[in-house]
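A.B. asks: I am attaching a structure below and will ask some questions about it afterwards.
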Amino acid sequence: MPRYHAPLADIRFVLQDLLQVEQLAALPGYQDATPDLIFPVIAEGARLCEEVLFPLNQSGDAEGCRLENGRVTTPTGFPAAYRAYAGGGWTGLACAPEDGGMGLPELVYFVMEEMVSSANLAFGIYPGLSRGVYNALRRHGDEALKRRYLPRLADGSWAGTMCLTEPQAGTDLGLVRTRAEPDHQGGYAITGTKIFISAGDHDLTANIVHLVLARLPGAPAGSRGISLFLVPKILPADDADDPDGGPDGGPDGGLGAANRVTCGGLEHKMGIRGSSTCVLNFDRATGWLVGPPHKGLAAMFTMMNAARLAVALQGLGLAEVAYQNALAYARERLQGRALKGARSPGGPADPLLVHPDIRRMLLTMRAWNEGGRALAYWIGLHLDREARHPDPAIRQAAGELVALMIPVLKALLTDLGFEATNLALQVYGGHGYIRDNGMEHYVRDARITQLYEGTNGIQALDLVGRKLPQATGRLLRHFFHPLAAELEDLGHGPDPVLAALAAPLAKAFGRLQNATVTVAIRGAADPDEAAAVASDYLKLFGLVALGAMWLRMARVAQARLGAGAGAGAGAGAGEGDRFYRDKLDTARFFMAKLLPQTGALYAAVQAGGETVMAPALA
Ligand SMILES: Cc1cc2nc3c(=O)[nH]c(=O)nc-3n(C[C@H](O)[C@H](O)[C@H](O)COP(=O)(O)OP(=O)(O)OC[C@H]3O[C@@H](n4cnc5c(N)ncnc54)[C@H](O)[C@@H]3O)c2cc1C
């Protein structure tokens, strides 16, 4: 049986030591979000993840979802767990207080998203999508829709979905065929079939709010002719006799007749089997326009950007739980002897942990996970700055950094998440391949994160094709300039430990800068040149970004050690010294063993696209 303990010491280290989370309380609207509030909330969330969600992870995978008589049921225990989740206010964690939410920062939501994904990714998809619908509706919906739907999404009594994909329209949403015709009562009749819809139907909530991409009559072809509609599973009660509105409330939210949306089938999947993935048929279903006509894709991007960050945290969450189990197993499993003599001479063999190759795998996971956590939470902090900072220049800079880093985080943390779950399986040997230990489950679950919310190949194209050239490279400068200054500072500073860590990072950063120029110049002349190296470039970028986090974490750890053991926030009493030494050790491992991958990636970028595009593949 696998196990999971929320990594609260490391979470606290990142939030408090690295990011100075107390600065959030200075942002308007977040006055109450002090560390005194945030950390108990996180601890309570961790308890829910460990005690309620995690125990249902393996059974949910084994049982999966069922479709019977047109109704989808989730695995045993999911409805009760959802009631505990919604009842505890977790669906409204970062929703606005005026909608009944807790109004906590995005950064806190990030922490919860990671922990939920570690505990039970399949479960987390249901409230995760509702959160995305809440955000999109709050930003783009009209007042009547907001009044009716936002409080129900915030309190979790209703759930949400995003309905983009159709059989012929996957990555290319310009091919969407679902139609929307005015019903002359202020709404639209939506007709079409959507596939692969996560949480498309289930038994967790009384209503489901679908956000659906569809075309209005006479809409321009392609992605410029797509509009966004809200289509509920159950219509409001008042609509039957009062199409213009009426009572929104009532104990059940004013639920009326079933809308003409049916679940036509459940996908049989490799992983996340406790999450229902549905074919949804819309047969003149009633819906309402969200945002302006033909601007649906832009509105949907509000949801997709948040979802991409959430998926990055899914990759991290799975990598974390896989690492924890691999580490525990390596401590317990006895096989072979240490090469330089037995470490446990009294026992039949030494634990796996003594073997260099096992240590390599465990440290690789640790370096990716702790670096990835720092990177993701750092971006979470900037999301809050973008939303709340009183200075418009800071808001803009934060927003641009977030926009730049969304494709990097999504692709990097999900690729590494898949690799980490595979490494964890490898640490278990053959015992990882059989189902009982849960490792193959993490590998299967991690695989989807590289595919949905835009495949990782598409994230790489977004980075090189949209984010790099945007505003003549200004987005990039929000990452490059501070890093250059830090490297200058630490590389030539008085601390030899930090200088030794800064040197390889400076080299890798130089590669990234050169690669950026190469991609920009060659890509301007021939788009295939940029596209052919986009994935290599993104990984190079991601490794440098992880390196930047490791350097910052090492700087904090050095300072804490210098100030005396246990001086910082990142560890329990008496463990501070060890905690910060581990940080420095992992930083050294990352710079020496993982960052050099940037050399190979740089060479691949410089090699350009000719060897990709010239060979015949037909
Ligand atoms: C379990 C699961 C849950 C999902 N949940 C949802 C959901 O809730 N809502 C929803 O709307 N959709 C959902 N999806 C759909 C998912 O987002 C799509 O599968 C994904 O966007 C890719 O589309 P596709 O599968 O049609 O692949 P395709 O678009 O056919 O792509 C196939 C391959 O070609 C590449 N490719 C495609 N176009 C290009 C291009 N222009 N340049 C370079 N490479 C390209 C892709 O990267 C990919 O590797 C889900 C899918 C799964 C499997």
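The values are calculated or read from the model by the stated rules, or taken from the named source; none is laboratory data. Since this is a predicted model, take the numbers as computed values, not measurements. Quick reminder, even Gly has a Cβ in these numbers, built from the backbone with ideal geometry, and neighbours come from all protein chains shown. With ligands, DNA and RNA removed, areas are computed over all heavy atoms of the protein, side chains included. Shrake-Rupley method; radii C 1.70, N 1.55, O 1.52, S 1.80 Å.
A.B. asks: State in Å² the accessible area per residue of the stretch 395-549; use a 1.4 Å probe, count heavy atoms of protein chains only, and round to the nearest integer.
C.D. replies: Result: 37 Å² per residue.
A.B. asks: If packing is taken as the average count of other Cβ atoms within 10 Å, what order do 336-344, 591-599, 446-454 fall into, highest mean first?
C.D. replies: 446-454, 591-599, 336-344
A.B. asks: Note down the magnitude of the dipole of the stretch 459-559 about its Cα centre, charges +1 on Lys and Arg C-beta and -1 on Asp and Glu C-beta and zero elsewhere, to the nearest 20 debye.
C.D. replies: 140 debye
A.B. asks: How would you classify the stretch 364-424 from its alpha-carbon gyration tensor, with a ≥ b ≥ c the square roots of the eigenvalues: rounded for a/c under 1.5, else prolate if a/b is greater than b/c, otherwise oblate?
C.D. replies: Verdict is prolate for the stretch 364-424.
A.B. asks: Accessible area per residue for the stretch 114-179 in Å², computed with a 1.4 Å probe and the full protein assembly in place, what is it?
C.D. replies: Result: 31 Å² per residue.
A.B. asks: Another question, if that's okay. For the stretch 439-576, report the convex hull volume of the alpha-carbon atoms normalised per residue, in Å³, without decimals.
C.D. replies: Given the Cα convex hull of the stretch 439-576, per-residue volume reads 155 Å³.
A.B. asks: Find, to one decimal place in angstroms, the Kirkwood hydrodynamic radius of the chain, where the mean of 1/r is taken over every pair of different Cα atoms and then inverted.
C.D. replies: About 25.4 Å for the chain.
A.B. asks: Sticking with this one: Give me the one-decimal Kirkwood hydrodynamic radius in Å for the stretch 357-511, with the sum taken over alpha-carbon pairs.
C.D. replies: Radius from the Kirkwood sum: 17.9 Å.
A.B. asks: Of 471, 81, 390, which is farthest towards the positive pole of the chain's charge dipole, taken about the Cα centre with +1 and -1 on the beta-carbons of Lys, Arg and Asp, Glu respectively?
C.D. replies: Most positive-ward Cα: 471.
A.B. asks: Distance from the Cα centre of the stretch 460-520 to that of the stretch 1-19, in angstrom?
C.D. replies: After rounding, the separation between the Cα centres reads 27 Å.
A.B. asks: Just how many pairs of Lys in the chain have C-alpha atoms closer than 22 Å, counting pairs that are eight or more places apart or on different chains?
C.D. replies: Lysine pairs meeting the criterion: 15.
A.B. asks: Ranked from highest to lowest mean number of other Cβ atoms within 10 Å per residue, what is the order of the peptides 269-276, 46-53?
C.D. replies: 269-276, 46-53
A.B. asks: Oh, and also: Report, in debye and to the nearest 20, how large the dipole of the chain comes out about its Cα centre when Lys and Arg carry +1 and Asp and Glu carry -1 on their Cβ.
C.D. replies: Approximately 1460 debye in magnitude.
A.B. asks: Run the accessible area of the chain with a 1.4 Å probe and give the carbon-and-sulfur part as a rounded percent.
C.D. replies: Answer for the chain is 55 percent, counting heavy atoms of protein chains only.
A.B. asks: Report relative contact order for the chain in percent, whole number only (criteria: Cα-Cα under 8 Å, sequence separation at least 6).
C.D. replies: 14 percent
A.B. asks: What's the FRET efficiency of residue 359 with residue 617 using the Cβ-Cβ distance as r and R₀ = 56 Å, to the nearest 0.05?
C.D. replies: 0.85
A.B. asks: Of all the C-alpha pairs in the stretch 250-325, what % are more than 18 Å from each other?
C.D. replies: 70 percent
A.B. asks: Tell me, what is the Rg over Rh of the stretch 1-60, with Rh the Kirkwood radius over Cα pairs?
C.D. replies: Expressed as Rg/Rh, it is 1.11.
A.B. asks: How big is D for the stretch 29-76, in µm² s⁻¹ as a whole number, if Stokes-Einstein is applied with the Kirkwood radius of its Cα pairs at 10 °C and 1.306 mPa s?
C.D. replies: Estimated diffusion coefficient is 118 µm²/s.
A.B. asks: Quickly work out the residue 585-to-residue 221 label distance, labels modelled 7 Å from Cα along the C-beta direction, and quote it in nm with one decimal.
C.D. replies: Placing both labels 7 Å beyond Cα along the Cβ direction yields 6.3 nm.
A.B. asks: Shifting gears a bit: Would you work out which of 140, 186, 163 lies farthest towards the positive end of the dipole of the stretch 125-198, given +1 charges on the beta-carbon of Lys and Arg and -1 on that of Asp and Glu, about the Cα centre?
C.D. replies: So the residue we want is 140.
A.B. asks: A follow-up question, please. Helix by helix, which DSSP H runs in the chain go 18 Å or more along their axis at the Cα atoms and have an average Kyte-Doolittle hydropathy of -1.0 or more?
C.D. replies: Membrane-span-like by this rule: 35-48, 106-140, 296-332, 356-388, 392-427, 474-491, 496-525, 534-562.
A.B. asks: Sorted by packing (mean other beta-carbon atoms within 10 Å per residue), highest first, where do 349-362, 315-328, 206-219 land?
C.D. replies: Descending packing order for the listed peptides: 315-328, 206-219, 349-362.
A.B. asks: Right, next: Nearest 0.05, what FRET efficiency do residue 481 and residue 592 give at R0 = 22 Å with Cβ-Cβ as r?
C.D. replies: Using R0 = 22 Å, I get an efficiency of 0.25.
A.B. asks: Okay, moving on. By how many nm would the segment from residue 603 to residue 342 grow when fully extended, if each residue of separation counts as 0.36 nm and the alpha-carbon distance is taken off?
C.D. replies: 89.7 nm
A.B. asks: Continuing with this model, one more query. Could you work out how far apart the two model spin labels at residue 499 and residue 51 are, taking each label as a point 7 Å from the Cα in the direction of the beta carbon, and quote it in nm?
C.D. replies: For the pair residue 499/residue 51, the computed spacing is 5.2 nm.
A.B. asks: Looking at the stretch 154-214 from every direction and averaging, what is the projected area of its Cα convex hull in nm²?
C.D. replies: Quarter of the Cα hull surface area: 5.2 nm².
A.B. asks: In a Debye calculation with equal point scatterers on the alpha-carbon sites of the stretch 294-403 and no solvent, what is log10 I(q)/I(0) at q = 0.24 Å⁻¹?
C.D. replies: Debye curve over Cα of the stretch 294-403, log10 I(q)/I(0) at q = 0.24 Å⁻¹: -1.20.
A.B. asks: With r defined as the distance between the Cβ atoms of residue 431 and residue 31 and R0 fixed at 56 Å, what FRET efficiency is calculated, to the nearest 0.05?
C.D. replies: 0.65
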